[in-house]
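> Quick one: the structure is below, questions incoming.
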Amino acid sequence: MVYMKEIVKRLIKLNKTISTMESCTGGFLANEITNIEGSSEVFKYSAVTYSNEYKIKMGVNKKVIDKYTVYSKETANEMSKNISDFTSSNYGVGITGQINRIDKRNIVNNNNKIYISIYDRDNNKFYTKEVVAIKDNRANNKKYIIEIIKKELLKIIK
């Protein structure tokens, strides 16, 4: 199990910041970060953009959603970069996908596939990962996804 405390410690030591734009995880990552003492030094902002409308209002290009769907690596990249730009954070995290439910408004064949993007603003670099939500319920899938994100953040933030 990866501990968020280590990620927050690294960010503090490096004087770096992080922001998140979450969809299917519904703020779970922001919650994990803010549960750590001292996180206010590094955590700037979080947006839970559950609908396409609010992803677009937060800067996600509608043309990207129309071309690739809201459940895509491209949309996750838009989310991570836009939240980083919006907050001037060193790192932006974007998470989109479907967890244990078919979305009647966005019908695609990516059921239970989650798209994660971590944007490193200092190096203008995206780190992306696709995850299949394999757990038996939404809560366990959210925990699973956040563990994967924490592992990725530990690799990236050095």
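The values are calculated or read from the model by the stated rules, or taken from the named source; none is laboratory data. Computed from a prediction, not measured in an experiment: that's the story for all the values here. Here the Cβ positions follow ideal geometry from the backbone for every residue, glycine too, while neighbour counts run over all protein chains shown.
> Restricted to the stretch 40-57, and to residues that are at pLDDT 95 or above and touching an Asp or Glu at 6+ places or on another chain (Cβ under 9 Å), which residue is nearest to SER89 (Cα to Cα)?
SER46
> Sticking with this structure for a sec: Looking at the stretch 122-158, which of its residues are small (Gly, Ala, Ser) and either touching a Ser or Thr at 6+ places or on another chain (Cβ under 9 Å) or assigned to a loop (DSSP other than H, G, I, E, B) (or both)?
So the first thing to find is which residues in the stretch 122-158 are small (Gly, Ala, Ser), and the list is 133, 139.
Passing the criteria: only ALA133.
> Is there any pair linking a residue in the stretch 10-22 that is over 26 Å from GLY59 (Cα atoms) to one that is of a type outside the set (Lys, Arg) and assigned to a helix (DSSP H, G or I), with Cβ under 7 Å and at least six apart or on different chains, and which?
Close Cβ pairs satisfying both conditions: ILE12/GLU41.
> Give me a count of the residues in the stretch 20-30 that are touching a helix residue (DSSP H, G or I) at 6+ places or on another chain (Cβ under 9 Å) and within 14 Å of MET4 (Cα to Cα).
Adding up the residues that qualify gives 2.
> Ok, one more. Being farther than 22 Å from LYS143 by Cβ, under 17 Å from the mean Cα position of the chain (by Cα) and not in a strand (DSSP E or B), is that true of even one residue in the stretch 17-38?
yes
> Could you list all residues from the stretch 24-35 that are in contact with a Phe, Trp or Tyr (Cβ under 9 Å, 6 or more places away or on another chain) and either β-branched (Val, Ile, Thr) or within 16 Å of SER84 (Cα to Cα) (or both)? Explain how you work it out, then say what you get.
We begin by selecting, within the stretch 24-35, every residue in contact with a Phe, Trp or Tyr (Cβ under 9 Å, 6 or more places away or on another chain); these are 24, 26, 30, 33-34.
Selection gives ALA30, ILE33, THR34.
> Next question. I'd like the full set of residues that are polar (S, T, N, Q) and under 18 Å from GLU130 (Cα atoms), limited to the stretch 45-76.
Within the stretch 45-76, THR69, SER72, THR75 meet the criteria.
> Same structure again: Quickly run through the stretch 110-145 and pick out the residues that are surrounded by 14 or more Cβ atoms within 10 Å (Cβ to Cβ) and of a type in the set (A, V, I, L, M, F, W, C).
Listed by number, the residues that qualify are ILE114, ILE116, ILE118, PHE126, VAL131, ALA133, ILE145.
> Condition first: surrounded by fewer than 20 Cβ atoms within 10 Å (Cβ to Cβ) and of a type in the set (Asp, Glu). Now tell me which residues in the stretch 1-32 satisfy that.
Correct list: GLU6 only.
> Report yes if some residue within the stretch 100-121 is in a helix (DSSP H, G or I) and modelled with pLDDT of 95 or more; otherwise report no.
Yes, there is a match, as at least one residue in the stretch 100-121 is in a helix (DSSP H, G or I) and modelled with pLDDT of 95 or more.
> Return the pair list, or none, for Cβ contacts closer than 7 Å from residues in the stretch 131-158 that are under 22 Å from ARG10 (Cβ atoms) to residues that are β-branched (Val, Ile, Thr) and assigned to a helix (DSSP H, G or I), at least 6 apart or on different chains.
Hits for this filter: LYS150/ILE7; LEU153/ILE7; LEU154/ILE7; ILE157/ILE7.
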